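Written out below as structure tokens is the structure these notes cover.
The values are calculated or read from the model by the stated rules, or taken from the named source; none is laboratory data. Being a predicted model, the structure only gives us computed values, none of them experimental. Cβ: placed from backbone, ideal geometry, glycine included. Neighbour counts: every protein chain shown.
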Amino acid sequence: MAEKVTVPGIVKMKREGKKITCLTAYDYSLARILDDAGVDVILVGDSVGSVVQGQPNTLAVTMDEMIYHTRIVARGCKRALVVGDMPFLSFQVGREQALRNAGRFLQEAGAEAIKLEGGVSMSDTIAAIVNAGIPVMGHVGLTPQSVHQFGGYKIQGREKGQHEIIMRDALAVQEAGAFAIVVEGVPTALAKEITERISIPTIGIGAGIHCDGQVLVLHDMLGLFDDFTPKFVKRYADIKGSVAAAVKDFVEEVRERKFPGEEHSFK
Ligand code: KIV
């Protein structure tokens with residue numbers, strides 16, 4: 001088996017100039033495929049709310065749902081680092097609540113780190129979680145849990161003031177002890193500046209080529225979910241098309257009495 005990916009290993013990848021790969025997963029079967037295919041980090045994202053549950057955003061996802069999905073993903077992973085995503089209101093209400101919920105991902109679900117959204121305003125919370133021995137991945141820029149504050153999923157950091165706020169957020173997350181940081185939905189130049197100024201790896205999504213790694217939502221990149229496709233998504237497969245074709249074949253064969261054949265039947 002290839003060497004296990006660890007938190008220090010991810011940090012080292014930046015120092016060695018190796019690009020970090022990260023994809024989301026929400027269940028055992030797909031997590032196994034990702035792990036075997038060599039992805040470095042598997043993020044059990046609260047994007048489960050959109051691409052699995054069919055909700056308009058991530059806000060209704062609960063801690064119990066995240067624990068369930070993280071547990072079944074972790075069961076499928078041998079090599080990749082498993083990161084559990086803290087859902088809306090699981091860490092914003094108080095530091096003690098944040099610490100307990102972060103701990104659940106490791107204790108009950110088998111995650112090796114957690115991710116949470118926010119910069120300067122979350123830095124004390126990040127520090128408390130890190131001080132408890134729980135590795136934290138930060139998340140700045142277009143943070144989806146703040147969708148209503150942004151007035152939609154809009155690129156952040158285009159205006160001068162915003163640019164500096166996001167830079168300060170990234171620095172605060174690093175200062176608080178996070179081992180890596182997702183940078184989402186910001187101009188390429190800003191992501192480049194953040195990547196150059198901080199020593200922990202940046203993992204970009206809709207943040208251009210200069211980040212230390214890239215993350216995509218699995219259902220987007222596989223072409224499994226197409227209710228909404230952001231510009232930054234590259235489709236690497238058409239799984240929706242393949243599934244639809246297979247299901248049509250099944251329906252036709254059953255109706256025409258071609259399935260099951262002798263080879264699928266018992267004497
Ligand atoms: O929930 C998620 O999938 C995420 C990634 C898009 C970074 O936060």
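Data table
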{"read-out": "Odd one out for ARG79, checked against (1) touching a Gly at 6+ places or on another chain (Cβ under 8 Å); (2) assigned to a helix (DSSP H, G or I); (3) more than 13 Å from the ligand (Cβ to nearest atom); (4) of a type outside the set (A, V, I, L, M, F, W, C)", "value": "(2)"}
{"read-out": "Filter result for VAL73 (touching a residue at least 40 places away in the same chain (Cβ under 8 Å), within 16 Å of the ligand (Cβ to nearest atom), assigned to a helix (DSSP H, G or I) and under 18 Å from the mean Cα position of the chain (by Cα))", "value": "yes"}
{"read-out": "GLN53, sole failed condition from (1) closer than 16 Å to ASP227 by Cβ; (2) buried (at least 20 other Cβ atoms within 10 Å of the Cβ); (3) not hydrophobic (A, V, I, L, M, F, W, C)", "value": "(2)"}
{"read-out": "Filtered residue count, the range 1-48, keeping only those that are part of a helix (DSSP H, G or I) and touching an Asp or Glu at 6+ places or on another chain (Cβ under 8 Å)", "value": "6"}
{"read-out": "Residue count, the range 99-147 (criterion: part of a helix (DSSP H, G or I) and of a type in the set (A, V, I, L, M))", "value": "11"}
{"read-out": "Positions within the range 51-66 being in a helix (DSSP H, G or I) and out of contact with any Phe, Trp or Tyr (no Cβ under 7 Å at 6 or more places or on another chain), in sequence order", "value": "MET63, ASP64, GLU65, MET66"}
{"read-out": "Residue match in the range 89-98 (condition: within 14 Å of the ligand (Cβ to nearest atom), outside any helix (DSSP H, G or I) and either in the same structural domain as THR24 (by TED's automatic domain parsing) or out of contact with any Cys (no Cβ under 8 Å at 6 or more places or on another chain) (or both))", "value": "yes"}
{"read-out": "Residue in the range 199-246 that is surrounded by the fewest Cβ atoms within 10 Å (Cβ to Cβ), counting only those that are touching a helix residue (DSSP H, G or I) at 6+ places or on another chain (Cβ under 8 Å) and of a type in the set (Ser, Thr, Tyr)", "value": "SER199"}
{"read-out": "Close pairs (9 angstrom Cβ cut-off, 6 or more residues apart or separate chains): closer than 16 Å to GLY84 by Cβ in the range 30-51, assigned to a helix (DSSP H, G or I) and of a type in the set (S, T, N, Q) anywhere", "value": "VAL44/THR70; ASP46/GLN145"}
{"read-out": "Boolean, ASP212 is more than 10 Å from the ligand (Cβ to nearest atom), touching a residue at least 40 places away in the same chain (Cβ under 8 Å), assigned by TED's automatic domain parsing to the domain that holds GLY177 and charged (D, E, K, R)", "value": "yes"}
{"read-out": "Single residue of VAL173, VAL183 found to be in contact with a Cys (Cβ under 9 Å, 6 or more places away or on another chain) and either free of Cβ contacts under 8 Å to residues at least 12 places away in the same chain or within 16 Å of the ligand (Cβ to nearest atom) (or both)", "value": "VAL183"}
{"read-out": "Hey, THR202 more than 14 Å from the ligand (Cβ to nearest atom), hydroxyl-bearing (Ser, Thr, Tyr) and modelled with pLDDT of 95 or more or not", "value": "no"}
